[in-house]
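Novice: The structure that follows is given in the form of structure tokens.
Bear in mind that the values in this text are calculations on the coordinates, not laboratory data. Predicted, not measured: the structure shown is a model, and the values here were computed from it. With ideal geometry, Cβ positions are generated from the backbone for all residues, glycine too; neighbour counts draw on all protein chains shown.
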Amino acid sequence: MQIEDRKERYKRIKLVIASNLEDVSLIGIVINKLCSSIPLSDTDSYQIELCVVEAVNNSIEHAYGNEKGHEVEVIFTLYPDRLIVDVCDTGKPMDQECMEQKDVSPLEIDSNDLDNIAEQGRGLPIIKAIMDSMTYKTQSGKNCLTLKKNIWS
């Protein structure tokens with residue numbers, strides 16, 4: 001019996017941003033550019049960018065309470081058949097109920113009540129609607145939201 005080494009090929013880049021909401025657009029620009037270099041449509045690239053920006057915003061707003069001086073890591077890993085983006089912080093862990101919550105459509109709005117459109121609470125539903133999977137774990141003080149999008153080259 002021959003044992004074959006089946007190490008999976010991948011490309012990885014790690015980005016680190018300070019916990020400053022004004023700088024989150026930088027992550028969006030880089031993620032969009034990375035996505036546009038692989039076989040994804042412009043729409044898919046934009047949607048993945050949106051998901052990553054939402055996740056980074058959540059880390060800054062919820063894990064760090066908008067407190068500056070912390071870091072958020074974004075690890076972009078490209079495999080031949082999928083894209084994995086990990087958004088990690090060392091702040092307050094996300095309540096597991098947020099992940100398990102039954103979501104209302106992120107785009108569901110009452111056109112008769114446009115003044116009361118919720119500005120909060122749409123990030124995770126948007127991510128769940130766009131990405132193929134989303135998982136969250138905390139280990140050794142590090143919180144990581146993992147976003148997966150299947151791709152075909």
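Novice: Using label points projected 7 Å from each Cα along Cα→Cβ, tell me how many nm separate residue 8 and residue 137, to one decimal.
Specialist: Taking the simple label geometry, residue 8 and residue 137 are separated by 1.3 nm.
Novice: Still on this structure, I have one more. Within straight cross-link reach of residue 68, meaning Cα distance under 27 Å, which lysines are found once same-chain residues fewer than 8 apart are removed?
Specialist: 14, 33, 92, 137, 142
Novice: Same structure again: Mind listing the phi-derived Karplus ³J(HN,Hα) values for region 20-37, rounded to whole Hz, using 6.51, -1.76 and 1.60 with θ = phi - 60°, and x for any glycine or proline?
Specialist: Once θ is set to phi - 60°, the couplings for region 20-37 become 10, 4, 5, 9, 5, 4, 4, 4, x, 4, 5, 4, 4, 5, 4, 5, 6, 8 Hz.
Novice: Taking R0 as 30 Å, what FRET efficiency do you get between residue 79 and residue 18 from their Cβ-Cβ distance, rounded to the nearest 0.05?
Specialist: Values: r = 29 Å, r/R0 = 0.96.
The pair residue 79/residue 18 has a calculated efficiency of 0.55.
Novice: Highest mean first, what order results for 80-90, 27-37 on Cβ atoms within 10 Å? Each step should come with its number before you reach the end.
Specialist: On the way: 80-90: 19.0, 27-37: 17.4.
In decreasing order of mean packing, 80-90, 27-37 become 80-90, 27-37.
Novice: For residue 36 and residue 148 in one chain, what is 0.36 nm times their gap in residues minus the Cα-Cα distance, to one decimal in nm?
Specialist: Details: separation 112, 0.36 × 112 = 40.32 nm, distance 1.64 nm.
Stretched out fully, the residue 36 to residue 148 stretch lengthens by 38.7 nm.
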